[in-house]
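Here the structure comes first, spelled out in structure tokens, and everything after it is commentary.
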Amino acid sequence: MPSSVAVVTGAAGDIGRAIAKRLAQSHDVVALVDIDETALESSLNALGDTGRYAAIACDVTDVVSVAAMAGQVAALGTARTLVNNAGAARAVSLHDTTAEIWRQDSALNLEAAFLTFRALEDALKASQGSVINIASVNGMAVFGHPAYSAAKAGLIHFTKLIAVEYGKFGIRANAVAPGTVRTQAWEARAAANPQVFEEAKRWYALRRIATAEDVANAVFFLSSDQAAAITGVCLPVDCGLTAGQAELARTFSQSEHY
Ligand SMILES: NC(=O)c1ccc[n+]([C@@H]2O[C@H](COP(=O)([O-])OP(=O)(O)OC[C@H]3O[C@@H](n4cnc5c(N)ncnc54)[C@H](O)[C@@H]3O)[C@@H](O)[C@H]2O)c1
């Protein structure tokens, strides 16, 4: 039987690396896909077990690069899980968003998932595999970073498009929507305001923010047979952020129990 492969894009980043580590428990090989070759090397070193991981340099916004990546994945085995995790946000407000930023954020946070899916769909059909798109709470409500958020909302819809059209092939597709996770993507904001994570906690029902491992656990579950009947959903991993706001509930109800 060919090796089962998990493909994780943006795997040189903190969430991607945590997902790769978790999926190595249920796949023969995990393909770490990233545009940043130096960071990929560090990720590979941090993960340790070199026999289990393969690094593939790829710009997921480029169709030629994605086709080459799919060829490298096929040489490793059959893709059973595709995790579209590469993503980044640029402008913080609509006022600051240029046409170029809008296009770049759409290309990376939405179109790239379409490109990788089409490139790997035959393998996913053969393995009756699944796709997990890493969206964001920003795709569910407004928390800033408009172009990124609109793309993440599109990514949640794209997840449903795969689920409905490809379900007949046994392919499942689900999204995971993390709330704040402290990663290198937050470095500049944490440098500008070292209290940013402490200040954010009050908005989360659990009074904490999620970790990369929390996100990886959700991906692991959705990729597994335990989730065999789950497709087309978006699972928030957000410590209750999108469930509701305790402070507002206290104001409305005038109850100290919130
Ligand atoms: N950190 C958070 O608070 C948070 C919250 C919600 C959702 N997310 C989502 O989780 C995912 C991972 O975020 P993170 O915080 O680990 O980010 P990160 O910046 O640590 O990692 C992102 C990785 O994507 C790679 N990448 C960027 N452009 C690429 C391209 N064109 N081709 C291939 N790889 C590319 C980067 O090199 C980097 O290694 C993203 O989709 C992000 O939107 C993060």
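Laboratory data are not the source of any read-out in this text; all were calculated from the coordinates shown. Model, not experiment: these values are computed from the prediction. Every residue, glycine as well, gets a Cβ built from its backbone with ideal geometry; the counts of neighbours run over all protein chains shown.
Descriptive notes on the structure:
- A Förster radius of 51 Å, combined with the Cβ-Cβ distance separating Arg207 from Asp122, puts the computed FRET efficiency at roughly 0.65.
- The simple Förster model, with R0 at 41 Å and r as the Cβ-Cβ distance, assigns Phe143 and Lys168 a FRET efficiency of 0.70.
- Look at the alpha carbon pairs under 8 Å that are at least 6 residues apart: their mean separation over the length of the chain gives a relative contact order of 18 percent.
- Within straight-line cross-link reach of Lys201, lysines at Cα separation under 25 Å, skipping those fewer than 8 residues along the same chain: Lys152
- Remark: spin-label model distance Glu187-Tyr258 equals 3.9 nm, labels positioned 7 Å along the Cα→Cβ axis.
- The HN-Hα couplings worked out from phi for segment 212-227 by the Karplus form 6.51 cos²θ - 1.76 cosθ + 1.60 (θ = phi - 60°) are 4, 5, 4, 5, 4, 4, 5, 5, 4, 4, 5, 7, 8, 5, 4, 10 Hz, whole numbers, x standing for Gly and Pro.
- Under 21 Å of direct C-alpha separation, and excluding same-chain neighbours fewer than eight residues apart, Lys168 reaches these lysines: Lys125, Lys160.
- Amide H contacts of Leu235 (H built 1.01 Å from N, under 5 Å, at least 5 apart or other chain): Ala175, Val176, Ala177
- Backbone HN-Hα couplings from phi across segment 196-207 [Karplus 6.51/-1.76/1.60, Hz, Gly and Pro as x]: 4, 6, 4, 5, 6, 4, 5, 8, 9, 3, 7, 6
- Per-residue ³J(HN,Hα) for segment 25-30, Karplus 6.51 cos²θ - 1.76 cosθ + 1.60, θ = phi - 60°, Hz, x for Gly and Pro: 6, 10, 10, 5, 9, 10
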